[in-house]
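Peer 1: Sharing a structure, written as structure tokens. Questions coming.
The values are calculated or read from the model by the stated rules, or taken from the named source; none is laboratory data. Values in this document were obtained by computation on a predicted structure and should not be read as measured data. Reconstructed Cβ throughout: ideal geometry from the backbone, glycine too, with neighbour counts over all protein chains shown. Side chains included, ligands, DNA and RNA excluded: accessible areas come from the protein's heavy atoms. Shrake-Rupley method; radii C 1.70, N 1.55, O 1.52, S 1.80 Å.
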Amino acid sequence: MPDLYAVVGNPIAHSKSPLIHAEFSRQTGQEMRYEAILAPMDAFAETVAIFRERGGKGINVTVPFKLEACNISSRLSARAHAAQAVNTLVFDGGGILGDNTDGAGLMRDIMINQEFSITAKRVLLMGAGGAARGAMLPLLKQGPSILTIANRTGQKAHELQQQFSHYGNVVSGDYADLRGEKFDLVINATSASLNGELPLLPSGIFTGESLAYDMMYGGHTPFLQFAKKDGATRLADGTGMLVEQAAESFFLWRGVRPQTAPVIEMLKKFKPRKV
Ligand code: NDP
């Protein structure tokens, strides 16, 4: 039987991970099966245990279980430890390895697919949840001139600032504090777009060269609409990040790096991007 993998979340019906991994498997000739599993809200650990008993080799973890996945891991990669969130589980002889490929996926999409260099740039990261935490260290490793974290609940942004301030120039605040500031790269790592909402961003934060990046995928998000009106000329949704983080998980499991560009193109055709 081919090796078995899955994505686990709640809800899960919307997940594009089975489609992406089927493409990777076809492209690389790796024989594997990949399922989407809905875990009850109070039974993530049990769902994972049953999957392991069935012979499962690894799991992608999505909302809302990334913290629980961290807790059930017997060991964490350095990047999962820094993020305190796990999106990839690897079952091996040593138990459960918890890793986080979201940050690496984001970096590959911004730097390779969008051809945007972060070094010495002014970066604004919106949000202080799991996705933002996973992005902190990879962003700081690129040496931005400043990394500003803004969050609706200012205290959480402040905690992130304290946790990561020894890696670079990090400041934090709420959205009102951004008035009068300009950024070269603005990343929306909030879940506001999921509800058609927009954090209370002041206008005037983009330059004509700025890249506006929404981690949510699906094109014309409220944040990207705002960015376009506010003068940003480069807009990207999270489709590339989604495919790149999946490729990183595939590499962890199979030791083979699939090509991402054709899969990103396929997903864009699947749901055309209007930005
Ligand atoms: P979390 O639930 O951990 O965090 C949500 C964040 O959004 C918090 O900072 C919260 O602020 C903020 N927020 C929610 N609603 C609003 C609002 N109306 N106005 C302002 N701020 C708001 O979510 P995640 O970090 O896991 O995910 C965030 C986003 O990133 C999601 O859209 C998710 O789909 C996307 N994502 C995309 C990936 C990809 O591969 N493309 C991978 C991972 C995530 P507060 O602290 O005040 O509550």
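Peer 1: To the nearest 0.05, what FRET efficiency results for Arg179 and Arg26 with a Förster distance of 51 Å applied to their C-beta separation?
Peer 2: On the way: r = 50 Å, r/R0 = 0.97.
The value I calculate is 0.55.
Peer 1: Can you bin region 103-237 into rounded, prolate or oblate? Criterion: square roots of the alpha carbon gyration tensor eigenvalues sorted a ≥ b ≥ c, rounded for a/c under 1.5, prolate for a/b above b/c, oblate for the rest.
Peer 2: Details: a/c = 1.32, a/b = 1.13, b/c = 1.16.
It is rounded, given that a/c, with a ≥ b ≥ c, falls under 1.5.
Peer 1: With every protein chain left in place, what is the accessible area of Ser191 in Å² (1.4 Å probe, nearest 10)?
Peer 2: Roughly 70 Å² of Ser191 is accessible to a 1.4 Å probe.
Peer 1: Note down, for the chain, the three equivalent ellipsoid semi-axes (square root of 5 times each alpha carbon gyration tensor eigenvalue), biggest first, whole angstrom. Display every interim value, and only then the final one.
Peer 2: Working: eigenvalues 198, 85, 55 Å².
That gives 31, 21, 17 Å for the three semi-axes.
Peer 1: Which whole-Hz couplings ³J(HN,Hα) result when phi for each residue of region 241-246 is put into the Karplus expression 6.51 cos²θ - 1.76 cosθ + 1.60, θ = phi - 60°, listed in order with x for Gly and Pro?
Peer 2: 4, 4, 6, 5, 5, 5
Peer 1: Evaluate the relative contact order of the chain (contact order divided by residue number), counting alpha-carbon pairs under 8 angstrom at least 6 apart; express in whole percent. If you can, show how the numbers build up before the last one.
Peer 2: Working: 570 pairs, mean separation 41.7, N = 275.
Across the chain, relative contact order equals 15 percent.
Peer 1: In whole percent, and with a 1.4 Å probe on the protein chains, what portion of the accessible area of the chain is carbon and sulfur?
Peer 2: Numbers: 6380 of 12280 Å².
Of all accessible area on the chain, carbon and sulfur atoms account for 52 percent.
Peer 1: Something else about it: In what sequence, highest mean first, do 183-189, 38-44, 118-124 appear when ranked by Cβ atoms within 10 angstrom?
Peer 2: On the way: 183-189: 25.1, 38-44: 13.3, 118-124: 18.7.
Taking the mean over residues of other Cβ atoms within 10 Å, the ranking is 183-189, 118-124, 38-44.
Peer 1: Still on this structure, I have one more. Taking Cα centroids, how far is region 31-58 from region 145-195 in Å?
Peer 2: 35 Å
Peer 1: Kindly report, to the nearest 10 Å², the accessible surface of Ser193 as traced by a 1.4 Å probe over protein heavy atoms only.
Peer 2: The accessible area comes out at roughly 10 Å².
Peer 1: Could you identify which residue out of Asp230, Asp92, Asp109 has the top mean-square fluctuation in a GNM of the chain using Cα springs shorter than 10 Å?
Peer 2: Comparing Asp230, Asp92, Asp109 in a Gaussian network model of the chain, the most mobile one is Asp92.
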